[in-house]
Amino acid sequence: MPDSLAGKVAIVTGGAAGIGRATSLKFARAGARVVLADVDVVGGEETAQLITATGADAAFVKADVRVAADVEAMVAMAMQTFGSLDFALNNAGVLGSGAAMIDFTEDDWDYVMGVNLKGVWLSMKYEIPEMMRRGGGAIVNVSSVAGLVGSQHSPAYAASKHGVVGLTKTAALQYAPHGVRVNCICPAAVLSSMLETLVTRNPQVGERLLASQPNGRFASPEEIAEVVVWLCSDAASFITGAALPVDGGYTAQ
Ligand SMILES: NC(=O)c1ccc[n+]([C@@H]2O[C@H](COP(=O)([O-])OP(=O)(O)OC[C@H]3O[C@@H](n4cnc5c(N)ncnc54)[C@H](O)[C@@H]3O)[C@@H](O)[C@H]2O)c1
């Protein structure tokens, strides 16, 4: 997709690592200017440097997606720095503890729901008005296969990711008349620090996850980034409100 996003501006939350970093780099390679946000300042600045070292434009902003003022400032920064907002990947996410339903704590529930669900809502709340002002845009929210089927590993994670699917479909319906497309992706296990945490906590979970992949392997962050950039591009101009599995066949079983 050489230069097909030239002149466009993309926001990526959770851009310091994993899927967010790979997608920031992919957006930049496709010609877009990127504002990436994260609570991890070191990782976020590193992603921005990886992009600017290639001659492309990127800016990092520290933002906690649970905090409205931070998210508002993130969008304002994109407008002030690059003058537009065309695409957003609302990707910041956390796993939470691996405790079962009856042992799960209220604090962990609030933390996981705050980042994974409220964070996606707040991001769209501030991104969509700017997209509407310029006549349209495309948003990709990050759900999970745990947004389509139940999870054995975390009740709040699965609930938050099911919530992202509902928010995505609702936003798609509300803003389709304004030219804003809103989709979400539902990846199975992706090789990132989140998966590392899960596997380190319980190696048997890693083995079970791998055994349950019909294609026998985990995804790379770059494979997820390809789908996100395609969903934002005009090649996907008739797709909105979709919850797209990117899962090597996991949910086809
Ligand atoms: N790795 C997987 O197996 C997998 C599978 C399906 C979906 N996902 C989803 O993909 C997304 C990206 O995860 P990843 O695998 O790249 O993991 P990751 O841990 O590498 O990246 C997550 C990023 O989100 C950032 N973040 C956490 N809390 C934040 C907050 N409050 N505000 C802003 N940033 C915050 C982290 O600092 C980190 O940089 C998440 O939403 C995750 O739930 C991951």
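The values are calculated or read from the model by the stated rules, or taken from the named source; none is laboratory data. Fair warning: this is a prediction, and the values are worked out from it, not measured in the lab. Cβ placement follows ideal geometry from the backbone for every residue including glycine, while neighbour counts extend to all protein chains displayed. The accessibility values were calculated without ligands, DNA or RNA, using every heavy atom of the protein model including side chains. Shrake-Rupley method; radii C 1.70, N 1.55, O 1.52, S 1.80 Å.
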- Among the residues of the stretch 63-90, which ones are in a loop (DSSP other than H, G, I, E, B) and open to solvent by 20 Å² or more (accessible area, probe 1.4 Å)? D64, R66, V67, G83, S84
- Unique match (being among the hydrophobic types (A, V, I, L, M, F, W, C), under 30 Å from V199 (Cβ atoms), modelled with pLDDT of 95 or more and in contact with a strand residue (DSSP E or B) (Cβ under 6 Å, 6 or more places away or on another chain)) among A78, A88: A88
- Task: Kindly indicate the residue of the stretch 44-71 that is among the small types (G, A, S) and more than 16 Å from the chain's Cα centre (by Cα) and also farthest from the ligand (Cβ to nearest atom) among those meeting that condition.
- Result: G55
- Item | Exclusive hit being assigned to a helix (DSSP H, G or I), at negative phi and in contact with a Gly (Cβ under 9 Å, 6 or more places away or on another chain), set A171, A146 | A171
- Task: With respect to G96, determine if the residue is part of a loop (DSSP other than H, G, I, E, B), at pLDDT below 95, touching a Ser or Thr at 6+ places or on another chain (Cβ under 9 Å) and surrounded by 17 or more Cβ atoms within 10 Å (Cβ to Cβ).
- Result: yes
- Among residues of the stretch 23-43, those that are within 15 Å of the ligand (Cβ to nearest atom), open to solvent by 10 Å² or more (accessible area, probe 1.4 Å) and either in contact with a Gly (Cβ under 6 Å, 6 or more places away or on another chain) or closer than 18 Å to L231 by Cβ (or both), counted: 3
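Kindly evaluate S143 against the criterion of being touching a Lys or Arg at 6+ places or on another chain (Cβ under 6 Å), open to solvent by less than 60 Å² (accessible area, probe 1.4 Å) and either away from the ligand (no atom under 16 Å from the Cβ) or of a type outside the set (K, R) (or both). First the steps, then the outcome.
On the way: touching a Lys or Arg at 6+ places or on another chain (Cβ under 6 Å): yes; open to solvent by less than 60 Å² (accessible area, probe 1.4 Å): yes; either away from the ligand (no atom under 16 Å from the Cβ) or of a type outside the set (K, R) (or both): yes.
So S143 passes the test.
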- Message: Regarding the stretch 103-122, can at least one residue be identified that is within 16 Å of the ligand (Cβ to nearest atom), under 22 Å from R33 (Cβ atoms) and among the aliphatic types (A, V, I, L, M)?
- Response: no
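Do we have A138 as outside any helix (DSSP H, G or I), open to solvent by less than 30 Å² (accessible area, probe 1.4 Å), away from the ligand (no atom under 15 Å from the Cβ) and out of contact with any Pro (no Cβ under 7 Å at 6 or more places or on another chain) here?
It is true that A138 is outside any helix (DSSP H, G or I), open to solvent by less than 30 Å² (accessible area, probe 1.4 Å), away from the ligand (no atom under 15 Å from the Cβ) and out of contact with any Pro (no Cβ under 7 Å at 6 or more places or on another chain).
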- Query: What about Q152, is it open to solvent by 50 Å² or more (accessible area, probe 1.4 Å), among the polar types (S, T, N, Q), more than 8 Å from the ligand (Cβ to nearest atom) and outside any helix (DSSP H, G or I)?
  - Reply: yes
- Return the residue satisfying two criteria in turn: it lies in the stretch 195-225 and is within 13 Å of the ligand (Cβ to nearest atom) and among the polar types (S, T, N, Q), and of such residues it is least open to solvent (accessible area, probe 1.4 Å). Q213
